[in-house]
1. Give the angle, between 0 and 90 degrees and rounded to the nearest 10, that separates the Cα long axis of helix 278-287 from the longest principal axis of the Cα atoms of the chain.
2. So what are segment 405-457's ellipsoid semi-axes, whole angstrom, largest first, if each one is the square root of 5 times an eigenvalue of the alpha-carbon gyration tensor?
3. Which whole-number percent gives the relative contact order of the chain, counting Cα pairs below 8 Å spaced six or more residues apart?
4. Using amide H atoms built in the peptide plane, which far-off residues or other-chain residues are under 5 Å from ASN95 H to H?
5. Enumerate cysteines in the chain without a disulfide-compatible partner, where compatibility requires another Cys Cβ under 4.7 angstrom.
6. If the cut-off is a Cα-Cα distance under 18 Å, which aspartates and glutamates reach LYS262, setting aside same-chain residues fewer than 8 apart in sequence?
7. Using DSSP loop states and a limit of at most 15 other Cβ atoms within 10 Å to flag GluC sites (Glu not before Pro), what is the longest stretch of the chain containing no flagged site?
8. Just from the alpha-carbon atoms, what are the Rg and Dmax of segment 129-277 in angstroms?
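Values in this text are rule-based calculations from the coordinates and carry no lab data. For clarity, every value in this text was computed on a predicted model and none was experimentally measured. Reconstructed Cβ throughout: ideal geometry from the backbone, glycine too, with neighbour counts over all protein chains shown.
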Amino acid sequence: MLTTQHFQQARLSRDPRFDGRFFIAVKSTGIFCRPICPAKLPLEENVEYFTLAPQAMLAGYRPCLRCRPDSAPHSHAWNGVDTTVTRAMALLNKNLHLNMSQIAAKLGISDRYLRQLFIRHIGLSPKQYQLYEQILFAKQLLQHTQLPVDHVADAAGFNDARRLQYNMQRVMRRTPKELRIKPTDLLQPIVIPLAYRPPYNWPQLRDFLARRAIKDCEWLDDTSYSRSILLNGSRGYFHAQHQPHKHRFIVTLSLDNLHQLKPALHNIRRILDLDADSMTIDKQLIQSGLSNEHITPGMRIPGVWDTFEAGCRAILGQQISVTAAINLATKLVAVLGQLIPLAPEKSPLISRYFPTAEAIANSDLSFLGMPNSRRETLRRFASFYQQQPDAPPDDWLSLKGIGPWTVAYANLRGQSQADIWLSSDLVIKKQLLLHSIEADKACPWRSYLTFTLWSLA
């Protein structure tokens with residue numbers, strides 16, 4: 001738990017490890033900043049601290065135009081406050097176009113109870129929280145991209161540019177045109193920075209992804225990762241270029257539906273695990289009995305694009321090597337993956353999308369060199385997913401051929417859940433014979449313990 005002393009020390013040292021974990025509001029200017037802001041440090045008596053940007057905005061502070069709090073990594077500092085609140089915040093961050101009734105329905109609670117929880121735990125109503133997130137995202141697009149204002153309004157969940165302008169002036173005291181750079185053609189790719197807290201072990205994550213990259217769908221080099229994407233009927237691709245000296249990736253993204261822009265960026269952050277707090281995680285792993293020499297500073301969980309792809313990968317990889325599994329996945333994409341009309345300029349080797357659930361369910365998969373029982377498992381899974389795309393992976397256990405390991409793998413890499421412990425994994429079992437570890441003491445970060453033990457094998 002962060003204290004005022006932590007805030008003070010991190011502010012004075014501009015410690016990048018605390019970026020996004022809290023925000024600094026300056027009473028004399030009415031501005032709030034990230035801890036890494038290069039502006040002159042204010043006196044402590046002129047400072048207020050907030051753990052969430054919307055809290056600072058509710059208090060009447062405006063985001064700094066220099067350090068851009070809207071670009072800070074997300075924080076899990078509020079995790080554990082209330083499970084329903086954290087799930088609701090995640091849904092609101094990812095889906096700016098959903099209304100409160102839709103959010104409440106996804107959580108299985110009433111609108112009234114959702115409001116009560118938000119007021120009690122973070123001091124804002126869910127509607128206020130969403131509005132401030134919409135404004136912050138619009139500000140980010142205005143300052144980092146060349147999208148026309150009406151398209152920014154669309155992407156940020158506002159009905160039109162007029163509503164964006166009204167809310168921007170009310171909260172930011174500036175018009176969208178005062179914030180933005182020169183607009184250009186909508187057909188131009190969106191280029192936007194995505195920050196993280198150091199340390200960040202890019203070589204380890206890159207090597208893990210490279211070994212499991214599916215030809216024509218993914219592409220990596222020493223400093224970047226690219227892939228094609230399908231998201232709620234929208235199609236596109238992205239290229240993420242690592243800039244370690246600035247603690248960020250520069251993402252070039254093409255997408256045919258701006259309503260899916262925020263979910264797409266959210267997914268890219270998840271795949272690259274940009275919001276992890278390594279300092280907190282490493283301390284917890286040591287508590288489990290893992291020695292300092294085996295801690296990998298900046299370890300991240302390498303994600304896959306979505307839960308469906310993770311499930312397919314897990315089924316294809318049952319009882320065979322990683323190389324054999326990727327060969328099967330590559331063949332699956334080559335036969336059933338739809339061609340991209342125009343190859344991405346930055347990633348010309350990307351030419352296909354990962355197959356849809358419909359394409360796999362309607363194929364006999366005879367081209368895959370694997371036991372017929374596993375082909376049928378994959379078809380059953382695709383058919384199930386086609387009918388119930390929002391069903392949690394735990395529901396897959398009802399399908400013949402899918403067991404706990406497959407579900408855990410999908411939760412680990414397809415949803416990037418932080419507390420997945422693969423105790424039944426053969427590699428993990430072997431590592432536990434070599435290391436005296438109490439896995440439960442690594443909660444809620446057992447996914448990172450799983451990856452650490454894999455890396456030691």
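1. So the inclination is approximately 60 degrees.
2. In descending order, the three semi-axes are 17, 12, 9 Å.
3. 12 percent
4. The answer is none.
5. CYS217, CYS312, CYS443, each lacking another Cys Cβ under 4.7 Å.
6. Filter leaves ASP70, GLU133, ASP150, ASP154, ASP160, ASP273, ASP275, ASP306.
7. 1-344
8. Every Cα atom of segment 129-277 included, Rg and Dmax give 16.2, 50 Å.
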